[in-house]
Amino acid sequence: MAVKDFLPIGDAKQTIEKEVKPKLTVEELTTVESPGKPTSATFLLDKKQKTKSGKTVVKKTKPKDSILIITEKPQAAQKIAFALGTPRKYSENGVSYYELTNNNEKIIVSSAVGHLFNLEYKEGQRGWPIFELEWRPSYEKKSAAFTKKYYLMLKALASQAKEFIIATDYDNEGEVIGWNVLRFICKKDTAKRMKFSTLTKNELQQSFSNALPELDWNQAYAGETRHILDWLYGINLSRALMSAIKTTGSFRLLSIGRVQGPALKIIVDREKEIQKFKPVPFWNAYATVNDFEYAHPKDIFNKEELKKFENIKEGVAKTEESKESLEPPHPFDLTTLQREAYRIYRIGPSQTLATAQKLYLDGLISYPRTSSQKIPSSIEPKKILKELAKYHSDAKQATRENPVEGKKSDPAHPSIYPTGEYADLKGEEKKLYDLIVKRFIAVFSKDALVLNKKTEIIAENDPEKNFKAAGLKVLEKGWTQTYPATLQEKNIPDLNGKVKIQGIKTEEKETQPPRSYTPTSLISTLEKKNLGTKATRSIIVDILFDRGYLEGQSIKATPLGTKLIESLEKHSPIIIDENLTRQFEDEMEKIGETKSTPSILQKKEDEIIKKATALIKKISEEFKAHEKEIGKEIMTGLEDLRQEQRESNTL
C-alpha cells in the first residue's frame, strides 16, 4: 500500500489555535476565528431572548447544515478529517475539531475522549445491595473532570448538525461510547456507522462512503449489558467485602468482581497444588554406544526395574531419516500477541495492549482488540508487503500466495497486521511493531524444511528395553529466517545393525510441581475458560495485583488473596464460581451474535440483568449471615500481608 494512501499529519490548509487565558468567559474560551470578525462558538447554541411581554423564547441563530462525525479519540478524528478532505482545524479550550467539505457537504469531525458517560448509582440508595443505576457524565467525577470540555464541544457541534455518523472503535466498547454520545448529547435514537479496522486513508474513505445505515445494535446492547452486569457485581460485592472488614474495626480498599473472583481462585488453586505437591523419585536409563548416549524413553518409578538394565550388552540399531515441513504460525490475535511479546521481550500483557493501541492510532497497525487469526483478501496484503519491502528486507521472503491462517475469527475485525506505513519508532513501540511486521511476513513465507533423524536401539536379550536419540538439521529456514523462532539443530550418528553397548547409566530425578502462572499464561487460561473479554483480561490481572491479592512475575497469591478466596469458598462460593461467570459470558455473546431489533435486544438485556439481580440478592443474604466471620478471616490475611511486607522492607 503506497505511502500516499496514508494520512499526512501536518499539511492542514489552515490551523487556528487560540491561546486560552485563565478566568475567561465561556464565550472567550470557545472563540474560533473565521474569515471576517472572530465569532464565539456559542453561536452554535440556541439563543434565549426576552420578548416585550417578558417571555423567554429560543431563537435559532443558524441552520442545521453539517454532518457531524463522532470519533472515540482525538487522533482518530484527525485521521478521518484528513482522509475525507482538506480540513481546517479549530481548537477551543484545548479541544480540536475539523471542518471540511466533501461532495458539497459540510463535514465536522470531532471526538470524545474515551467514555464521556459512566454508570453511577441513583441518589438515595445506601449500603448494599443497590440496583438502581443510571448513565452520568464522566466529568462529574473529579478524576475525569477533563472530559467536560469534550462533552461541551460535542454538545455545541451537535446543535447545528443535520446528520450524525458514529466512527468510534468498532467493538462493544466503542459502540457503547458512540451510543451514549448519540442519545445523551445529540438527543438522537440512531445514526449512520463507519466501520474500519485501520486508520488508513483508503479504508476511511470507503468506510465513509459505505457507512452502515445505523448503529450495530448487537454490539451496543452486548456492551451495555456487560457494563451493567460488571457494575452491579463490582459495587455490591466490593461493598460487601469492605463492610465485612469494617466489622473488625479496620478499613481496607477491597474489591471483587464477576471475573476477578474466579481469576483469583485459579491462582490460589494453583498455589495450593504447588504447596501440597510431594516430589516422587524416578530414574532415567541411558545406553552408551560409540561414546554417544541414547535414552530409554520411559521414566522408571520402580527402582527394582533398574536391575533389568544391568546385563544389557548388545542390541540392534536402526536409524531413520525423514523430511518435515514446518508451517508458519498463524496471524496475531490479541492474546497471541500478548503471549509472544512476553515470551520474546518480557513486555507485560497490559503494556502490550497499550502500545498496540498507540500503534493503531498512529496508523501503523490494524485494530488490536481482535480474536481473529484471519487475513482477508480485502485488506490487499500483497500491497502491504510491497510497502513493507521498502523498510524490511525480510519482506522478500513472503512468496506464499495465500497466508497461513488460524481457526479463530472475529466478526468485527481481522487479525492484527501492519498497514504498510513507516515511522521511526523506538523502545517498546519499535519492538512490538517489528514483531507484528515479522509475523505478517512469516505467514506469507515458505514452510521451514527440516531433516529429522531418529535412532532406536533394541536390547538383544530383552526387546522391551530400548533406547532412543533424535537429531534435527535445518534444510531450509523458510519463515524462521524472518520470525524469532528457535529450531535447535542436533547431529546424531548413523547407527544400523548389531551394536555393542559400552555401558548403562542411570540417573535419579524427582517429579516437579505444577508451574506458577505468568501474566500471559493466566490470560490464556482465562481465554480458554471464556472468562472476561480480550480487552479486559489484562486489566483484571492488573487489578488483582493493585489490590494486593497477587505478587511476582511467577504469580503467587498473597496471604490476603489466599484468605479472601478461602473465606468466600467457605461462606459464599457462588461469588467465585467460574461456571456461573461463564454462563453470563455466553449469554452476552449471544446478544452480540444474534442479529435482532433494538426492542428484542433490550428484552434480552433486561432478562440477564434480572437474573443477575436475583443472584446478587441471594449472595447478599448468604454473605450477611457470615459477615463477621468473613471480616475476621480477611483481616487475618491482611495482617499476614502487612507482616510479610514489613519483613520484606527490613530485608
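The values are calculated or read from the model by the stated rules, or taken from the named source; none is laboratory data. Note that the structure is predicted; figures quoted are calculated from it, not measured. Note: ideal-geometry Cβ built from the backbone for every residue, glycine included; neighbour counts use all protein chains shown. Protein only, heavy atoms only, side chains kept; ligands, DNA and RNA dropped before computing areas. Shrake-Rupley method; radii C 1.70, N 1.55, O 1.52, S 1.80 Å.
Points to keep in mind about this one:
- Enumeration of residues in segment 138-160 that are in contact (Cβ under 8 Å) with a residue 40 or more places away in the chain and open to solvent by less than 20 Å² (accessible area, probe 1.4 Å): MET153, LEU154, ALA156, LEU157, ALA158, GLN160
- For segment 393-417, the tally of residues that are closer than 14 Å to VAL437 by Cα, among the β-branched types (Val, Ile, Thr) and part of a loop (DSSP other than H, G, I, E, B) stands at 0.
- Candidate set from segment 116-133 (those that are part of a strand (DSSP E or B) and in contact with an Asp or Glu (Cβ under 9 Å, 6 or more places away or on another chain)); member that is least open to solvent (accessible area, probe 1.4 Å): LEU119
- Answer residue from segment 384-425, given it is of a type in the set (Phe, Trp, Tyr) and out of contact with any strand residue (DSSP E or B) (no Cβ under 8 Å at 6 or more places or on another chain) and is nearest to GLN481 (Cα to Cα) among those: TYR391
Residues checked against (1) in contact with a strand residue (DSSP E or B) (Cβ under 6 Å, 6 or more places away or on another chain); (2) at pLDDT 95 or above; (3) within 30 Å of GLU460 (Cβ to Cβ):
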| residue | (1), (2), (3) |
| --- | --- |
| VAL316 | yes, yes, yes |
| PHE332 | yes, yes, no |
| THR336 | no, yes, no |
| THR355 | no, yes, no |
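- Residue match in segment 161-177 (condition: more than 21 Å from GLN357 (Cα to Cα), in contact (Cβ under 8 Å) with a residue 12 or more places away in the chain and among the polar types (S, T, N, Q)): no
Quick grid of which residues meet (1) under 30 Å from LYS308 (Cα atoms); (2) buried (at least 17 other Cβ atoms within 10 Å of the Cβ); (3) hydrophobic (A, V, I, L, M, F, W, C):
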{"position": "ASP434", "(1), (2), (3)": "no, no, no"}
{"position": "VAL450", "(1), (2), (3)": "no, yes, yes"}
{"position": "LYS453", "(1), (2), (3)": "yes, yes, no"}
{"position": "GLU456", "(1), (2), (3)": "yes, yes, no"}
{"position": "ASN461", "(1), (2), (3)": "yes, no, no"}
{"position": "TRP479", "(1), (2), (3)": "no, yes, yes"}
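- All positions within segment 588-624 that are open to solvent by 70 Å² or more (accessible area, probe 1.4 Å) and within 19 Å of ILE576 (Cα to Cα): LYS611, LYS617, LYS618, GLU621, LYS624
- Check on PRO368, surrounded by 16 or more Cβ atoms within 10 Å (Cβ to Cβ) and without any contact (Cβ under 8 Å) to a residue 60 or more places away in the chain: yes
- For segment 372-400, the tally of residues that are touching a His at 6+ places or on another chain (Cβ under 6 Å) and closer than 10 Å to GLY420 by Cβ stands at 0.
- Entry remark, segment 331-358: residues being surrounded by fewer than 24 Cβ atoms within 10 Å (Cβ to Cβ) and either of a type in the set (D, E, K, R) or over 22 Å from GLN219 (Cα atoms) (or both) number 15 in total.
- Here segment 236-279 is the region considered, the condition is being of a type outside the set (Lys, Arg), under 22 Å from TRP135 (Cα atoms) and surrounded by fewer than 20 Cβ atoms within 10 Å (Cβ to Cβ), and the residue that is farthest from the chain's Cα centre (by Cα) is SER238.
- If you check ILE441, ILE436 for being touching a helix residue (DSSP H, G or I) at 6+ places or on another chain (Cβ under 8 Å), more than 15 Å from THR480 (Cβ to Cβ) and among the β-branched types (Val, Ile, Thr), only one passes: ILE436.
- Looking only at segment 574-626, and only at residues there that are under 25 Å from the mean Cα position of the chain (by Cα) and not in a helix (DSSP H, G or I), the one that is nearest to GLU527 (Cα to Cα): ASP577
- Filtering segment 101-115 to residues that are in a loop (DSSP other than H, G, I, E, B) and surrounded by fewer than 24 Cβ atoms within 10 Å (Cβ to Cβ) leaves ASN103, ASN104, VAL113, GLY114, HIS115.
- Condition check for LYS468 on (1) open to solvent by 70 Å² or more (accessible area, probe 1.4 Å); (2) more than 48 Å from the chain's Cα centre (by Cα): one failure, at (2).
- Residue within segment 423-432 that is small (Gly, Ala, Ser), buried (at least 19 other Cβ atoms within 10 Å of the Cβ) and in contact (Cβ under 8 Å) with a residue 40 or more places away in the chain present: no
- Subset tally (residues that are under 17 Å from LEU364 (Cβ atoms) and surrounded by 20 or more Cβ atoms within 10 Å (Cβ to Cβ)) for segment 380-422: 16
- Looking across segment 282-293 at every residue that is open to solvent by 10 Å² or more (accessible area, probe 1.4 Å) and out of contact with any helix residue (DSSP H, G or I) (no Cβ under 8 Å at 6 or more places or on another chain), the one that is nearest to MET242 (Cα to Cα) is identified as PHE282.
- If you filter segment 374-391 down to residues that are outside any loop (DSSP other than H, G, I, E, B) and either under 25 Å from the mean Cα position of the chain (by Cα) or without any contact (Cβ under 8 Å) to a residue 40 or more places away in the chain (or both), you find that the one that is nearest to ASP434 (Cα to Cα) is ILE384.
- Verdict on ARG193 being of a type outside the set (S, T, N, Q) and in contact with a Leu (Cβ under 8 Å, 6 or more places away or on another chain): yes
- Among residues of segment 522-554, those that are open to solvent by less than 50 Å² (accessible area, probe 1.4 Å), over 13 Å from the mean Cα position of the chain (by Cα) and over 15 Å from PRO262 (Cα atoms), counted: 2
- Selection from segment 481-517 of residues that are assigned to a loop (DSSP other than H, G, I, E, B), under 30 Å from ALA442 (Cα atoms) and open to solvent by 100 Å² or more (accessible area, probe 1.4 Å): THR486, GLN488, GLU489, ASN491
- Summed over segment 198-232, residues that are within 30 Å of LEU531 (Cβ to Cβ) and either open to solvent by 10 Å² or more (accessible area, probe 1.4 Å) or not small (Gly, Ala, Ser) (or both) total 16.
Okay, residues lined up against (1) within 21 Å of GLU134 (Cβ to Cβ); (2) assigned to a loop (DSSP other than H, G, I, E, B):
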| site | (1), (2) |
| --- | --- |
| LYS162 | no, no |
| ILE165 | no, no |
| ASP169 | no, yes |
| TRP179 | yes, no |
| ARG183 | yes, no |
| ALA222 | yes, no |
| THR225 | yes, no |
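- Count of residues meeting criterion [exposed (fewer than 12 other Cβ atoms within 10 Å of the Cβ) and basic (Lys, Arg)] in segment 299-315: 1
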